[in-house]
Protein chains: 2
Amino acid sequence: MDTSLRVVLYGVGEMGRIIARVAFERGLNIVGAIDVDPWKCGKKLGELVGLGDDLDVIVSRDAEKTLSECRPDVVLHATTSFLDQVYPQLIKCARVGADVVSTCETLVYPYYRYPELAELLDEYAKNRGVSFLGTGVNPGFLLDVLPAVLTAGMTRVERIKATRIIDASKKRRSFRRKIGLNLSLEEFEREAFRGGVTGHVGYAESVMLLASIMGVDISRVEEFEKPIIAEEDFEFGDFRVGKGRVAGIEGVGRGFIGDGEPFIEVRFVARVGAEEYEEIVVDGVPRVVWRSTGVDGDLATAGIVVNMAMKIVDAPPGLLTMGEMFPSYVSSRHGLKRRMVF
Amino acid sequence: MDTSLRVVLYGVGEMGRIIARVAFERGLNIVGAIDVDPWKCGKKLGELVGLGDDLDVIVSRDAEKTLSECRPDVVLHATTSFLDQVYPQLIKCARVGADVVSTCETLVYPYYRYPELAELLDEYAKNRGVSFLGTGVNPGFLLDVLPAVLTAGMTRVERIKATRIIDASKKRRSFRRKIGLNLSLEEFEREAFRGGVTGHVGYAESVMLLASIMGVDISRVEEFEKPIIAEEDFEFGDFRVGKGRVAGIEGVGRGFIGDGEPFIEVRFVARVGAEEYEEIVVDGVPRVVWRSTGVDGDLATAGIVVNMAMKIVDAPPGLLTMGEMFPSYVSSRHGLKRRMVF
């Protein structure tokens, strides 16, 4: 008998297709696929993801029909970054009793940007006995969950700085478009205004997710992002950026406790040709500094989505965050949370 | 009203005294202290740990009496490395309904070296409604829990190598004695035979704990340790090692799945003057490499003991491992565990 998880893929964009390949490779049973793109609808998922007849599932535009026919255990969801757009899609999944693991960045800590939608989702999930989870590597792991884990042995935490630097030229097309790569500054600003360029979404979500795992009350959050302008024409691999055009973006999210220095600072840079790494510095006792040689974001996001899909079926119903998947190291029961910080 | 955790310190050796200071600083309510050392018994814990009258607790030799009078929520246990010696002490704690967080290295994964004692402990804990946990940074976090956490985004794990290098001259006296620092080779071998030199305990425990979190079946474990001999006289800080004498130890633990290369390899080096760092390499998809600038082991072990003490009061009864405190990323429910590895 087939013990593998029944999953429906909701969103067959570039990220969704990577997730599909990973889910297939990991032995999940992909029973349906949903996308709004007319060009994809009616096609075999296997063709779209380069698996041919091994993945003999037809992409459908009709979410309700697909979900009610396929009855998945879990929906692997990868459509857009913003919960207000994603919300109705999540409700459809819950209606058929499916858990959802989503790459929607603002769902990683929905209580920050969409507190009312978050409450509604939690209520709805509990009524239906399903779980919702927003995840990914950034936000969702590298700059929030992992720094929290690294405090496991610390007796005092004074400040957390987490940085991720990636080479934008290596990223999928949809990401390059999202950060306005190779646009002029005017084009960038116009596209940013139109919503064609969203930049990276999730600075504040990482700050708030990390704070929630640490059991720390953040009084103020700020986030900024700006384009990096090429100072001369340059080529990188098959990639060309003209002088004065956008070679990447850099952004920061900060979480404050009262005034003064931020308690949490997350930094993200996506620049053509950048040396890739992550660095996590936790000032406190004992001080902790860890640095990586870089993590392939798309693949790791697909990996964490599939890994969490296998976990979420055993999770309690409701709107979950990665904080529930990775428990806090500071128990709330004795009201000592704050001692860890001050 | 005082909401802080009531704890008894079981073992007032060097590690126990560091734990006492951290527990005090974190606002835990230290209500008793136990030690067999006649020199310490009857003394104020505050004097022994440099906190004077702020820690007005008398160290007692009588464990039963102290435990039944103090009725702690949690016992912070730091006596010896070997579960057969520690077992009766744990039972005494359970009798008064106290959870125990212990630095006993073989308790970190007791099913490997003491499977029958582990079963008995689990039974006993469940009957009494208490929890036992063995923890620390090594074994217990750096070379086992943390590598498992770093696989969260991986779609395939082929091999895990985790290394910890420390400067033995910076470590507490009891540790230096344990690794036979500055002994001649003959003295080292005699002391190793007598049990005065135990070396580092926990290679196999790290291998098995990591494997258990990953949901991987290890078919064979091996562990080796050997002294590092100084090739010439040298001084390091206040520390002097004569030529031909023991300047440190290096050891390794390996876990195999069938034949061939080990799936897990943990390495530990404690050498006078060594550059301190940890490095975790996970071969697979995507490959993950993280390196630290070193973690203060004694302080971080005290930190993790106190952090886990605040967590264990909310944990289910039984013999726990750090694997229960840090859940696996690969659900067992769908029998896909092995896919992650092969």
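The values are calculated or read from the model by the stated rules, or taken from the named source; none is laboratory data. Treat the numbers as computed from the prediction; the structure is a model and nothing was measured. Note that we place each Cβ from the backbone using ideal geometry, even for glycine, and neighbour counts take in every protein chain shown. Accessible surface is based on the protein model in full, side chains and every heavy atom, while ligands, DNA and RNA are left aside. Shrake-Rupley method; radii C 1.70, N 1.55, O 1.52, S 1.80 Å.
Miscellaneous remarks
- Complete set of residues in the stretch A:301-312 that are within 8 Å of chain B (Cβ to nearest Cβ) and either of a type in the set (Val, Ile, Thr) or touching a strand residue (DSSP E or B) at 6+ places or on another chain (Cβ under 7 Å) (or both): A:301, A:304, A:306, A:308
- Evaluation of residue A:8 against the conditions (1) open to solvent by 60 Å² or more (accessible area, probe 1.4 Å); (2) assigned to a strand (DSSP E or B) shows that the sole unmet condition is (1).
- Some residue of the stretch A:164-177 being out of contact with any helix residue (DSSP H, G or I) (no Cβ under 9 Å at 6 or more places or on another chain) and among the hydrophobic types (A, V, I, L, M, F, W, C): yes
- Only one entry of A:270, A:315 meets the criterion of being assigned by TED's automatic domain parsing to the domain that holds residue A:76, in contact with a strand residue (DSSP E or B) (Cβ under 7 Å, 6 or more places away or on another chain) and not in a helix (DSSP H, G or I), and that entry is A:315.
- In the stretch B:70-82, the residues that are surrounded by 14 or more Cβ atoms within 10 Å (Cβ to Cβ) and in contact with a strand residue (DSSP E or B) (Cβ under 8 Å, 6 or more places away or on another chain): B:70, B:72, B:73, B:74, B:75, B:76, B:77, B:78, B:79
- Every pair of residues 6+ apart whose Cβ atoms lie under 7 Å, when the first sits in the stretch A:248-266 and is crowded, with 21+ Cβ neighbours inside 10 Å while the second is hydroxyl-bearing (Ser, Thr, Tyr): A:253/A:203; A:253/A:206; A:266/A:203; A:266/A:206
- Only one entry of B:27, B:50 meets the criterion of being within 14 Å of chain A (Cβ to nearest Cβ) and farther than 26 Å from residue B:318 by Cα, and that entry is B:27.
- Options B:84, B:53; residue that is part of a helix (DSSP H, G or I) and modelled with pLDDT under 95: B:53
- Residues (in contact with a Lys or Arg (Cβ under 7 Å, 6 or more places away or on another chain), of a type in the set (A, V, I, L, M, F, W, C) and assigned to a strand (DSSP E or B)) located in the stretch A:11-42: A:31
- Those helices (runs of 4 or more DSSP H) of the stretch B:147-228 in which at least 3 residues are open to solvent by less than 30 Å² (accessible area, probe 1.4 Å), considering only elements entirely within it, cover B:203-214.
- For residue B:89, the test of being in contact with a Ser or Thr (Cβ under 8 Å, 6 or more places away or on another chain), open to solvent by 60 Å² or more (accessible area, probe 1.4 Å) and under 27 Å from residue B:197 (Cα atoms) is failed.
- Cβ-Cβ distances below 6 Å connect the following pairs, each with a first residue in the stretch A:117-146 that is more than 25 Å from residue A:268 (Cβ to Cβ), a second residue that is of a type in the set (Phe, Trp, Tyr), and a separation of six or more residues or different chains: A:121/A:132; A:125/A:132.
- Residue pairs whose Cβ atoms lie under 7 Å apart, sitting 6 or more positions apart in sequence or on different chains, and linking a residue in the stretch B:59-84 that is in the same structural domain as residue B:18 (by TED's automatic domain parsing) and within 23 Å of residue B:304 (Cα to Cα) to a partner that is part of a helix (DSSP H, G or I) and hydroxyl-bearing (Ser, Thr, Tyr), are B:81/B:106; B:82/B:106; B:83/B:106.
- Residues that are open to solvent by 40 Å² or more (accessible area, probe 1.4 Å) and not basic (Lys, Arg), drawn from the stretch B:118-129: B:119, B:120, B:123, B:124, B:127, B:129
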